[in-house]
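A.B. asks: To start, I am sharing the structure in question, which I have written as structure tokens.
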Amino acid sequence: MIRKTRNLIGFGILLIMSFVATKAVAADAICYNCPPQWADWASQLKSIKQNLGYDIPHDNKNSGQTLSQLLAEQSSPVADVAYYGVSFGIQAAEKGVVEAYKPMHFDEIPEGLKDKDGKWFTIHSGTLGLFVNIDALGGKPIPKSWKDLMSPDYRGMIGYLDPSSAFVGYAGAVAVNRAFGGTLENFDPGIQFFKDLAANDPIVPKQTSYARVLSGEIPILFDYDFNAYRAKYKDKANVACYSRGRHCSSSLRNEFGEKLTSSRKGSKNT
């Protein structure tokens, strides 16, 4: 049963409609960090249930909370699959809390986007940028760059997820740092940026904040383009997404934009 579960999650996100398998009978699985408001997990899990018979509940952890839970449960695993940002996947592999698993089409995943043994692998990517609720700006101009955020016009309107816990927060910190000349070995430019940004009273949640952008509570959020596109085309919201001064659709992908999944080491269905 666990092997079937791994097949389901391992490549179901990419090839859910083309995967042919025997319908599961009363089979459940646990996926950590599968929030319904992120990367269309709500529709994916519903489709998995309808097409394969697996009932997988939503889970609202972020990447850091997922890794912490896996470590805490190392002696008695609960999750079957974990979904998190690449840096957390690398840590999970190093700490021995996931097992090697290669789903169908594993060889088609480019080098650098997977562990060679299958302890983690990328299932999708996104362009990091500014996800903006235009209506919530109150007539202020749409910010199109990191520097624009320093304007006092945006005081109390900017949000970014906690870089120490959520992967998209970490990706945002890396992107800012590199934009201002920093490297992975030198985070001084990024640290200075966030120190300066503090004057604008940014909102720093730990969890996915898609709904808070749509409601206008956080008009400007460091986020991936796929969330902005969901807001624009599915929820019909008046939003914009800018990365490197351009619309996200015309920007290059940030190398830290990948999300990935891993099979849990010794996972059990309970």
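The values are calculated or read from the model by the stated rules, or taken from the named source; none is laboratory data. Remember, it's a predicted structure, so these values are computed and weren't measured experimentally. Heads up, the Cβs are rebuilt from the backbone with ideal geometry, glycines too, and the neighbour counts pull from every protein chain shown.
A.B. asks: Just give me the residues in segment 137-166 being surrounded by fewer than 19 Cβ atoms within 10 Å (Cβ to Cβ) and among the polar types (S, T, N, Q), in sequence order.
C.D. replies: Across segment 137-166, the qualifying residues are 145, 151, 164.
A.B. asks: Follow-up question, since we're still on this one. Evaluate the following for residue 62: is it touching a helix residue (DSSP H, G or I) at 6+ places or on another chain (Cβ under 8 Å), under 22 Å from residue 167 (Cα atoms) and at pLDDT below 90?
C.D. replies: yes
A.B. asks: Here are 201, 223: which of them is under 18 Å from residue 167 (Cα atoms) and modelled with pLDDT of 90 or more?
C.D. replies: 223
A.B. asks: Can you find even one residue in segment 129-152 that is in contact (Cβ under 8 Å) with a residue 60 or more places away in the chain, among the charged types (D, E, K, R) and out of contact with any strand residue (DSSP E or B) (no Cβ under 8 Å at 6 or more places or on another chain)?
C.D. replies: Yes, segment 129-152 contains a residue that is in contact (Cβ under 8 Å) with a residue 60 or more places away in the chain, among the charged types (D, E, K, R) and out of contact with any strand residue (DSSP E or B) (no Cβ under 8 Å at 6 or more places or on another chain).
A.B. asks: If you don't mind, there's one more thing I want to ask. Is it the case that residue 151 is in the same structural domain as residue 241 (by TED's automatic domain parsing) and at pLDDT below 95?
C.D. replies: So residue 151 does not fit the description; no.
A.B. asks: Quick check on segment 80-91: of everything there that is crowded, with 24+ Cβ neighbours inside 10 Å and hydrophobic (A, V, I, L, M, F, W, C), which residue is nearest to residue 164 (Cα to Cα)?
C.D. replies: In the first step, residues of segment 80-91 are kept if they are crowded, with 24+ Cβ neighbours inside 10 Å; the result is 81-86, 88-89.
Pick out the ones that are also hydrophobic (A, V, I, L, M, F, W, C) and you get 81-82, 86, 88.
Working: 81: 22, 82: 18, 86: 14, 88: 11 Å.
So the residue we want is 88.
A.B. asks: While we're looking at this one, here's another question. With respect to the numbered conditions (1) part of a helix (DSSP H, G or I); (2) in contact (Cβ under 8 Å) with a residue 40 or more places away in the chain; (3) surrounded by 15 or more Cβ atoms within 10 Å (Cβ to Cβ), which one is the sole condition not fulfilled by residue 189?
C.D. replies: The number of the failed condition is (2).
A.B. asks: Sort out for me the strands (runs of 3 or more DSSP E) sitting completely within segment 66-153 that have 2 or more residues that are aromatic (Phe, Trp, Tyr).
C.D. replies: Because the criterion is at least 2 residues that are aromatic (Phe, Trp, Tyr), the strands (runs of 3 or more DSSP E) in segment 66-153 that meet it are 81-85.
A.B. asks: Any residue that is within 30 Å of residue 220 (Cβ to Cβ), surrounded by 22 or more Cβ atoms within 10 Å (Cβ to Cβ) and of a type in the set (Phe, Trp, Tyr) - is there at least one of those in segment 128-136?
C.D. replies: Yes, there is a match, as at least one residue in segment 128-136 is within 30 Å of residue 220 (Cβ to Cβ), surrounded by 22 or more Cβ atoms within 10 Å (Cβ to Cβ) and of a type in the set (Phe, Trp, Tyr).
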